[in-house]
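Take a look at the structure below.
The values are calculated or read from the model by the stated rules, or taken from the named source; none is laboratory data. Please read all numbers here as calculations on a predicted model, not as lab measurements. Cβ coordinates were reconstructed from backbone atoms using ideal geometry, including for glycine residues, and neighbour counts include every protein chain displayed. Note: accessible area is taken over every heavy atom of the protein model, side chains too, but ligands, DNA and RNA are not part of it. Shrake-Rupley method; radii C 1.70, N 1.55, O 1.52, S 1.80 Å.
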Amino acid sequence: MDTKRFRKHGHVIVDWIADYMEHIEEYPVLAQVEPGEIADRLPGSPPEEPEDMEAIFSDFKHIVLPGMTHWQHPSFFAYFPANTSEPSVLAEFLTAALGAQCMVWQTSPAATELEEVVMDWLRQMLGLPEGFSGVIQDTASTSTLCAILCARERATSFAINKRGFQGGGAQRLIVYTSEEAHSSVEKGVKIAGFGKDNLRLIPTGTDFAMIPGELEKSIDADEKDGHLPCCVVATLGTTSSTGIDPLRPIGEICDHHRIWLHVDAALAGTAAILPEMRHILDGIEFADSFVFNPHKWMFTNFDCSAYFCRDPKGLTSTFEILPEYLKTDVDLRVKNFRDWGIPLGRRFRALKLWFVIRHFGIRGLQQKIRSHIQLAREFESWIRKDPRFEVMAPVTVNLVCFRYHPSQGTFTEEELERSNKGLMDELNRSGRMFITHTKLKGRLTLRLCIGQTNTTRGHVQGAWERIQAAVARL
Ligand code: PLP
């Protein structure tokens, strides 16, 4: 494609994106297609001859788009958000155009140095300890895996890296997290070779937060059995209900037993940008590593996961490789982020963070985050006032867990599960809003998470009206 045609198609596509952003509410939030429907409309074999961009783009609009769930729709209340914003999208254009592979300083000095700078901006914005260093990973799952691997190596003086588990000594290494922790912890434990049997799921209280006394009991029991407690993963903002594990008592236990403390704040970490929410980080000075995802709730398009650690040596000693073909003259004077994570190749993700932070400013980011939290509290108050519903978990940030459960009459759990599932399916089929479910202490719960960039009170109120109307039809 010559630049003349690139320019032409580029303008068409930018116009289309701007229209998409303006008219996103005309699309159904949840894709209204059946499994296989999109694949059936695509040719089974690749084209032999070149095709026109007009034809490709037309198929994008007519075949691909109907199969998309619109995460940027302001009535997207499902899962946790993966929000974005115009400055983030613009930066991604540039990242794609530069096409740089930022594995070491030399392969794009600006990418490395901008990453250092914006990660330190983020550290300051959240109020993380001064000595923490940051690096951008693709996802929180990868960040947590990195933490678990670093914990494994620190606990064994790098014996597993060298000799493998077979030669790493007789002691079983144990990881602890709460029963409400994200599935990425279990995945990390399996990939890192601990084995699922060596992951302890610590009970949570009625607030779905880890009970520190239970953690301590579990660690004591393992030590008594001759095992080696290695890593604790605490969660700020559990996936099902945004439970907040109490960092300070957990940190004190880790400190006492010399256990690596990793903090998974994938969604809720963003809330710490607000001075009034900083309390969730109380005890963060005990953490060895911390992750939160600007790609969830900080208007930076997927993927962008911010990983911080107290001692980067722990990371680089775990991941360092130095083949001849990667050596450069400045290795001793610069950061080579290839040694700060799993993949060698790295996208230039710092650029979109830089665009986003500068575009909104701290004040702009705070306004959005604060409004999402306030809207969640308001939605919670509507639920509490209606005797047909109940709130299922404390609202700690921007997620409301609730269910239909009329105060009059008696219902079995099965009946409640059926009617709540029916309610959710009907709402999602409407295409006007999208919510998802979970189970809390075995009870089916509906989750409404407010974190899309352009969600306003009107959207939340609209959702509440639709929920009420759907319940009236039950
Ligand atoms: N941790 C928590 C608490 C989460 O809620 C999630 C995803 O929702 C993750 C980790 C995984 O995030 P990622 O998709 O970035 O791996």
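List of remarks:
- Protection proxy ranking, peptides 36-44, 433-441, 71-79, 273-281, average beta carbon neighbours within 10 Å, highest first: 71-79, 433-441, 273-281, 36-44
- Evaluated at q = 0.05, 0.08, 0.13 Å⁻¹, the base-10 log of the normalised Debye intensity for the chain, with identical point scatterers placed on the Cα atoms, takes the values -0.21, -0.54, -1.30.
- Value at 222 nm in deg cm²/dmol, rounded to 500, when DSSP H runs of n ≥ 4 in the chain each add -39,500 (n - 2.57): -13000 deg cm²/dmol
- Solvent exposure, largest accessible area first (probe 1.4 Å, DNA, RNA and ligands not counted), of Arg346, Arg163, Arg172: Arg163, Arg172, Arg346
- Dimensions in Å of the range 280-342 - Rg and Dmax from alpha carbons: 15.0, 45
- The peptide list 46-52, 113-119, 14-20, put in order of mean Cβ contacts within 10 Å with the highest first, becomes 113-119, 14-20, 46-52.
- Exceeding the 25 Å Cα-Cα cut-off - candidates Lys368/Lys421; Lys196/Lys217; Lys421/Lys441; Lys187/Lys327: Lys368/Lys421; Lys187/Lys327
- Förster-model FRET efficiency, 60 Å R0, Asp220 and Glu51, C-beta, rounded to 0.05: 0.35
- Counted by Cβ distance under 12 Å from Gln72, the other residues give a net charge of -3, where Lys and Arg count +1 and Asp and Glu count -1.
- Protein accessible area in the range 196-281, 1.4 Å probe - carbon and sulfur %: 51
- Relative to the current alpha-carbon distance between Arg248 and Arg370, full extension at 0.36 nm per residue lengthens the span by 41.5 nm.
- Solvent-accessible area of Phe165 with every protein chain in place, 1.4 Å probe, in Å² to the nearest 10: 80
- Accessible-area rank, largest first, for Val356, Val64: Val64, Val356, with all protein chains present and a 1.4 angstrom probe.
- For the range 79-167, fraction of C-alpha pairs farther apart than 23 Å, in %: 46
- Label-to-label distance, nm, for residues given as Glu276 and Leu344 (7 Å Cα→Cβ offset): 5.0
- Accessible area expressed per residue, the chain, with surrounding protein chains retained (probe 1.4 Å, Å²): 47
- Size descriptors for the range 123-253 (Cα atoms only): Rg and Dmax, in that order, 15.1, 44 Å.
- Extension gain from Asp40 to Asp120, taking 0.36 nm per residue of separation minus the Cα-Cα distance: 24.0 nm
- Counting every alpha-carbon pair across the range 434-474, the share separated by more than 14 Å comes to 59%.
- Share of carbon and sulfur in the accessible heavy-atom surface of the range 338-474 [1.4 Å probe, %]: 50
- Here the extension length gained between Leu326 and Phe60 equals 91.8 nm, from 0.36 nm per residue of separation less the Cα-Cα distance.
- Binning all Cα-Cα separations of the range 192-250 at 10 Å, short to long from zero, yields these whole-percent fractions: 21, 50, 27, 2.
- For Lys4, the lysines whose Cα comes closer than 27 Å to its Cα, not counting residues fewer than 8 places off in the same chain, are Lys61, Lys352.
- Counting only the Cα atoms, the range 340-435 fills a convex hull of 200 Å³ per residue.
- Shown are Asp222, Asp197, whose ranking by accessible area with a 1.4 Å probe and every protein chain present, most to least, is Asp197, Asp222.
- Distance between the 7 Å Cα→Cβ label points at Val33 and Ala96: 1.9 nm.
- Net charge dipole size for the range 206-252 [Lys, Arg +1 and Asp, Glu -1 on Cβ; Debye, nearest 20]: 140
- Value of relative contact order over the range 1-128, rounded to a whole percent, pairs C-alpha under 8 Å and six or more apart: 22
- Label-to-label distance, Thr410 versus Asp425, with points set 7 angstrom from Cα along the beta-carbon direction: 2.8 nm.
- The range 1-152 - percent of accessible surface contributed by carbon and sulfur, probe 1.4 Å: 58
- Pairwise inverse Cα distances across the range 358-399, averaged and inverted, put the Kirkwood hydrodynamic radius at 11.6 Å.
- Summary of the geometry: the range 272-303 and the range 60-116, compared by the centres of their Cα atoms, lie 20 Å apart.
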